[in-house]
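Enquirer: Shown below is the structure under consideration.
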Amino acid sequence: MALVGTITTVSTGTAVPSNADGADGGIYFQVLAGNVIKIWKKDSGAWSLVGDIVDASAWTAFNPSMTAATGTLTSATSTGLYKRLTGKTVAVKMEGDIVTNGTGGLGIFMQLPFNTTAQWGMNGIGSAPTFNKALIVDIAVGSHQAFIMNYDGTYPGANNTNLLVFGTYETV
């Protein structure tokens with residue numbers, strides 16, 4: 001993002017700036033909840049949004065449930081972290097450990113912190129270090145769960161398996 005021209009004033013507030021406020025060349029920082037800052041610049045008598053500064057706060061921990069698409073995982077644990085980015089975008093990091101697979105099969109569901117708006121792959125990556133395979137991550141429309149499979153369509157679980165997933169998606 002580039003701010004070109006002479007900066008005549010700098011001010012801050014929580015509301016969108018009014019065209020009556022400030023002079024041309026002015027910069028306005030709109031401070032919003034969640035540590036998001038929107039940057040506005042005034043040219044030719046009107047304010048325009050230049051861009052956002054995403055918060056620099058820490059990731060938020062959550063406890064995603066983890067289940068098999070078919071059958072049951074006898075013993076498994078999972079952890080997750082998420083961070084809200086610009087707009088409705090959320091970044092997610094999840095780790096699942098399958099201690100005892102039981103009858104689990106087909107794929108793994110891991111709960112997301114927020115529902116999604118549309119069906120997109122999570123724009124994510126994943127790995128199953130136990131098998132040295134990449135993972136495919138998909139989210140159904142309006143779902144709050146990521147569906148995880150090995151890149152070749154096989155089941156990613158077995159006893160003593162570790163799954164690592166990272167990606168971004170759009171929330172409701």
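The values are calculated or read from the model by the stated rules, or taken from the named source; none is laboratory data. Only a predicted model underlies this, so the values are computations on that prediction, with no experimental measurement involved. FYI the Cβ positions are ideal-geometry reconstructions off the backbone, even for glycines, and counts take in every protein chain you see.
Enquirer: Do the conditions hold for D97, that is, is it among the acidic types (D, E) and either modelled with pLDDT under 80 or over 21 Å from T72 (Cα atoms) (or both)? Give the derivation first.
Expert: Details: among the acidic types (D, E): yes; either modelled with pLDDT under 80 or over 21 Å from T72 (Cα atoms) (or both): no.
Criteria not met by D97.
Enquirer: Keeping to the range 145-172, report how many residues are under 18 Å from P64 (Cα atoms) and buried (at least 19 other Cβ atoms within 10 Å of the Cβ).
Expert: Total meeting the criteria: 11.
Enquirer: When you scan the range 113-144, how many residues do you find that are at pLDDT below 70 and either out of contact with any strand residue (DSSP E or B) (no Cβ under 6 Å at 6 or more places or on another chain) or surrounded by fewer than 17 Cβ atoms within 10 Å (Cβ to Cβ) (or both)?
Expert: First, pick out the residues of the range 113-144 that are at pLDDT below 70: 118-130.
Then keep just the ones that are either out of contact with any strand residue (DSSP E or B) (no Cβ under 6 Å at 6 or more places or on another chain) or surrounded by fewer than 17 Cβ atoms within 10 Å (Cβ to Cβ) (or both); that gives 118-121, 123, 125, 129-130.
Counting residues in the range 113-144 that are at pLDDT below 70 and either out of contact with any strand residue (DSSP E or B) (no Cβ under 6 Å at 6 or more places or on another chain) or surrounded by fewer than 17 Cβ atoms within 10 Å (Cβ to Cβ) (or both) gives 8.
Enquirer: Search the range 91-109 for residues being of a type in the set (A, V, I, L, M) and buried (at least 20 other Cβ atoms within 10 Å of the Cβ), and hand back the single one that is nearest to the chain's Cα centre (by Cα).
Expert: If we filter the range 91-109 for residues that are of a type in the set (A, V, I, L, M), which is where we start, we get 91-92, 94, 98-99, 106, 108.
With the extra rule that they be buried (at least 20 other Cβ atoms within 10 Å of the Cβ), the set shrinks to 92, 94, 98, 108.
Values: V92: 5, M94: 11, I98: 24, I108: 19 Å.
Per the criteria, the residue is V92.
Enquirer: Follow-up. Kindly establish whether V31 is outside any loop (DSSP other than H, G, I, E, B) and either modelled with pLDDT under 75 or in contact with a helix residue (DSSP H, G or I) (Cβ under 7 Å, 6 or more places away or on another chain) (or both). Break it down into steps so the answer makes sense when it comes.
Expert: Working: outside any loop (DSSP other than H, G, I, E, B): yes; either modelled with pLDDT under 75 or in contact with a helix residue (DSSP H, G or I) (Cβ under 7 Å, 6 or more places away or on another chain) (or both): yes.
For V31, the condition - outside any loop (DSSP other than H, G, I, E, B) and either modelled with pLDDT under 75 or in contact with a helix residue (DSSP H, G or I) (Cβ under 7 Å, 6 or more places away or on another chain) (or both) - is met.
Enquirer: Does the range 60-82 contain at least one residue that is under 23 Å from the mean Cα position of the chain (by Cα), modelled with pLDDT under 90 and surrounded by fewer than 21 Cβ atoms within 10 Å (Cβ to Cβ)?
Expert: Scanning the range 60-82 turns up no residue that is under 23 Å from the mean Cα position of the chain (by Cα), modelled with pLDDT under 90 and surrounded by fewer than 21 Cβ atoms within 10 Å (Cβ to Cβ).
Enquirer: Between a first residue in the range 37-49 that is at positive phi and a second residue that is among the charged types (D, E, K, R) and modelled with pLDDT under 80, which pairs have beta carbons less than 9 Å apart while being 6 or more apart in sequence or on different chains?
Expert: From residues that are at positive phi, the pairs are S44/D24; G45/D24.
Enquirer: Can you name the condition, by its number, that M1 falls short on among (1) surrounded by 11 or more Cβ atoms within 10 Å (Cβ to Cβ); (2) part of a loop (DSSP other than H, G, I, E, B); (3) at pLDDT below 70?
Expert: In the conditions (1) surrounded by 11 or more Cβ atoms within 10 Å (Cβ to Cβ); (2) part of a loop (DSSP other than H, G, I, E, B); (3) at pLDDT below 70, M1 misses (1) alone.
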